[in-house]
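Novice: What follows is a single structure, and I will ask about it in a moment.
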Amino acid sequence: MVHYFSYRIQFIAIAVSLIFLFYIGRLIIKGKLREEYAIFWVVSTIVLIIFSFWRRGIDFFAQLLGVYLAPNLVFTAAIFAILIYLLHLSIVVSNLQEKIKIMARELALLKKIIEEIKMNSEAEKHISDDESK
Amino acid sequence: MKLAVIIPAFNEEKNLEKLIDEIHSISIQDIQIQPIIVNDCSTDSTAIIAQNLDCILINMPVNVGIGGAVQTGMIYAYNSGFQYAIQVDGDGQHPPKEIYKLLEKMKISEANVVIGSRFIQSQGFQSSGLRRLGINYLKLIIKIFTGLTITDSTSGFRLYDRASLEKICEYYPDEYPEPEAIIYFHKMKLNIVETAVIMKSREAGKSSITLLNTIYYFWKVSLAIFFSYLKL
């Protein structure tokens, strides 16, 4: 009975991980997810798949690292990975914000220059029109 | 000599017309004054109103914050060959008739940056008690990091010469830029002096620093001062 339930959760874990991997692949192919950001997701999905098949794996690593309860190792590792990834995203956002600011500045100045050139050429046109009369 | 009056404006439709009129009404010997409004993607009719005023108008395509708007105006002034540029906020706090005081101070002291301070002579609008407490705190940390006594470090009423304009083109903080910019100018070996001016309270609209933002303001400014001290 116990074995029946634990096999069922293993099957679900494998299925979910594979669907997740497939979905990430689709996002990359469609160009909705850049490869550099996808690395994290692909690696973490592969880790999930490995541990879905290798059922003793988590216990093995918990024992290796001296963690008393195996699920604690899972939580610690997951939270750590999430924090690092959040920091990475904050860096990406800061970088983008800086770039947008520079773009906006250059765009505003360029628009101003174009406007001035237009006004000058129109003024010149008026002068030459007046002269030809 | 040409002086650019840079006016960063975000939703200042009620104040701009009066401000531009006041700028045109002043005359300083040997100085040709050119107002430049930088509209930081306002959501009200600032752009339409500014277009019909006698000034140069630069429209930001997206909202970049006051520092980004000021920097854009300063780059324009630098590229257009202005000898001086002064920041005058769009909310009417900085009376244009006080501009001559900063110019005179720059001539006498040969400084690169002149800051208009409302606390040297305690006249005019003095701002609320809580804000004054904060300003004293900023005064202390700026003293620690630069050795300079700046009585009014949050004042945006500042006159720049070509040397300091060039440095602003390279870098200017984007959010609550005033105190951090002092550290930057000091690091760039520019001379900074203050002169007494009389400021007014805001004419219309609300200040960018509300009570809710105060904690964030001091956190951000303290961090920025500390890191810009380390960075350069």
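Novice: Give the number of residues within segment A:85-113 that are β-branched (V, I, T) and open to solvent by less than 90 Å² (accessible area, probe 1.4 Å).
Specialist: Of the residues in that region, 4 qualify.
Novice: Within segment B:42-63, how many residues turn out to be open to solvent by 20 Å² or more (accessible area, probe 1.4 Å), in a loop (DSSP other than H, G, I, E, B) and either at the interface with another protein chain (Cβ under 8 Å from one of its Cβ atoms) or under 12 Å from A:K112 (Cα atoms) (or both)?
Specialist: 2
Novice: A follow-up question, please. Here are some conditions: (1) more than 19 Å from the chain's Cα centre (by Cα); (2) at pLDDT 90 or above. B:A163 meets all but one. Which one does it not meet?
Specialist: (1)
Novice: Taking the stated definitions as given, is A:R8 basic (K, R) and surrounded by 11 or more Cβ atoms within 10 Å (Cβ to Cβ)?
Specialist: no
Novice: For segment B:147-180, what are the residues that are in contact (Cβ under 8 Å) with a residue 60 or more places away in the chain and part of a helix (DSSP H, G or I)?
Specialist: Selection gives B:R162, B:L165, B:E166, B:I168, B:C169, B:P177.
Novice: Would you be able to say whether some residue in segment B:81-94 is in contact with a strand residue (DSSP E or B) (Cβ under 9 Å, 6 or more places away or on another chain), more than 19 Å from B:S201 (Cβ to Cβ), open to solvent by 40 Å² or more (accessible area, probe 1.4 Å) and outside any helix (DSSP H, G or I)?
Specialist: Within segment B:81-94, one or more residues are in contact with a strand residue (DSSP E or B) (Cβ under 9 Å, 6 or more places away or on another chain), more than 19 Å from B:S201 (Cβ to Cβ), open to solvent by 40 Å² or more (accessible area, probe 1.4 Å) and outside any helix (DSSP H, G or I).
Novice: Taking the options B:G116, B:G73, B:G68, name whichever one is surrounded by 23 or more Cβ atoms within 10 Å (Cβ to Cβ), out of contact with any strand residue (DSSP E or B) (no Cβ under 8 Å at 6 or more places or on another chain) and closer than 22 Å to B:E166 by Cα.
Specialist: B:G68
Novice: In segment B:71-109, what residues are under 15 Å from the mean Cα position of the chain (by Cα) and either within 14 Å of chain A (Cβ to nearest Cβ) or of a type in the set (A, V, I, L, M, F, W, C) (or both)?
Specialist: Across segment B:71-109, the qualifying residues are B:Q71, B:T72, B:G73, B:M74, B:I75, B:A77, B:A85, B:I86, B:V88, B:I99, B:L102, B:L103.
Novice: Which residues, counting only those in segment B:20-41, are open to solvent by 30 Å² or more (accessible area, probe 1.4 Å), within 14 Å of another protein chain (Cβ to nearest Cβ) and more than 14 Å from B:A4 (Cβ to Cβ)?
Specialist: B:C41
Novice: Give me a count of the residues in segment B:182-213 that are open to solvent by less than 90 Å² (accessible area, probe 1.4 Å), modelled with pLDDT under 85, under 19 Å from the mean Cα position of the chain (by Cα) and not hydrophobic (A, V, I, L, M, F, W, C).
Specialist: Count: 8.
Novice: Turning to a different aspect of this structure: If you scan segment B:1-17, which residues turn out to be touching a Pro at 6+ places or on another chain (Cβ under 8 Å) and closer than 9 Å to B:V38 by Cβ?
Specialist: Result: B:I7, single match.
The values are calculated or read from the model by the stated rules, or taken from the named source; none is laboratory data. In this text, all values refer to a predicted model and were calculated from it rather than measured experimentally. Note that we place each Cβ from the backbone using ideal geometry, even for glycine, and neighbour counts take in every protein chain shown. We work out accessible area using only protein heavy atoms, side chains counted, and drop any ligands, DNA or RNA first. Shrake-Rupley method; radii C 1.70, N 1.55, O 1.52, S 1.80 Å.
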